[in-house]
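Values in this text are rule-based calculations from the coordinates and carry no lab data. All values reported here derive from a predicted model rather than from experimental measurement. Backbone-built Cβ (ideal geometry, glycine too); neighbour counts: all protein chains shown.
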Amino acid sequence: MTGSTPATFSGWTVRLGLFGGALLISTVLLHRLFGMSTPIALNLLKVAAAAACLTVLIGVLALTEIWRRGRSGLAATLVGLAIALITLGWPLALLPAFINLPPLNDVSTDLEAPPRFVALAKARTSEGNGPDFPKERFARLQMSAYPDLKPLLVNRSSEEAFQLALDAVKRLKFQLVAEQPPELKPVPRPGWIEAVDRTLVFGFYDDVVIRVDGDHGRARIDVRSASRYGQHDLGSNADRTRRILKEILTRFEETVPAANARMERLVRGRAAVAKRLKEAGQRTGPRGTSQDRGQSDVRRAPVPTGRQP
């Protein structure tokens, strides 16, 4: 194993392993920090994964040659294999989600009339996923895989619910793109919020639209999250939708004491006004008008008995 002749593929194992690892790191940095287009980044990631797989294959051949023929190059082979396995770590970690979850890249809490992208429609080009929700293909898959994704109903006015949703988007540190508050008059119209989120490591862009509809006392909040590129989101859009709904619900619960306090002040104020009106009525009611009081005094006064002339 310490012979002077190195194994045939030992040198190629470390070279190809370094190439795949360097390509992975540079692609992530260029896409996340320097604006590399997502289609190019996806293709380069596929090349990096293919290089890592090929590295493992020739590394096994090199180890076999080293073992059987006593060739040198063990250290280089092991280094190349280690780099390749690290490079393959991210796709291997995502493999269970790829197998167990349906191939969805767009989810919505309203499958009958999903919220529409307006400001972000132009960002969803023909190179990737379009702005329309593929209802026929995705509705059944989503109901089976994510039955918990449902609209959020809150006992607040649509204006308050819209503000809660807007605060939730800001707290989640999404990039706010557009917003339109709901309108009740002259024609009721739902409000909507559009924002962009990026995945943690690779920085892929995913689009979010939140629709708020309702009246003065009750509101319905629907959320849609969609990937711009790729056919399988590995469950990321469903997770993002849950995060948004949870954050909105948290904001709702945080503002319940304030809303209750406002309601209590309103009730106390109305009760105080009613009490003052009642007391005023009690004070003025028995006394009546001045004429009535005069007549009453006359009736109550004793009749004087004068002397007979």
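Listed by first and then second residue, the pairs with beta-carbon distance under 8 Å, at least 6 apart or on different chains, first residue in the range 230-249 and in contact (Cβ under 8 Å) with a residue 24 or more places away in the chain, second surrounded by fewer than 20 Cβ atoms within 10 Å (Cβ to Cβ) and of a type in the set (D, E, K, R), are ARG242/ASP148; GLU247/ARG171. Going through (1) surrounded by 16 or more Cβ atoms within 10 Å (Cβ to Cβ); (2) under 20 Å from GLU112 (Cβ atoms) one by one, MET143 falls short only on (1). Quick one: which residue in VAL196, VAL208 is within 17 Å of ASN105 (Cβ to Cβ), surrounded by fewer than 16 Cβ atoms within 10 Å (Cβ to Cβ) and not small (Gly, Ala, Ser)? Unique residue meeting the criteria: VAL196.
Taking ALA49 as the residue in question, decide whether it is in contact with a Pro (Cβ under 9 Å, 6 or more places away or on another chain), farther than 30 Å from ARG189 by Cβ and surrounded by 20 or more Cβ atoms within 10 Å (Cβ to Cβ).
No: the conditions fail for ALA49.
Residues THR64, THR87, THR77: which one is farther than 11 Å from THR13 by Cα, of a type in the set (S, T, N, Q) and in contact with a Gly (Cβ under 7 Å, 6 or more places away or on another chain)? Result: THR87 is the single residue among THR64, THR87, THR77 that is farther than 11 Å from THR13 by Cα, of a type in the set (S, T, N, Q) and in contact with a Gly (Cβ under 7 Å, 6 or more places away or on another chain).
In the range 207-221, the residue that is farthest from TRP192 (Cα to Cα) out of those that are among the charged types (D, E, K, R) and touching a residue at least 60 places away in the same chain (Cβ under 8 Å) is ARG218.
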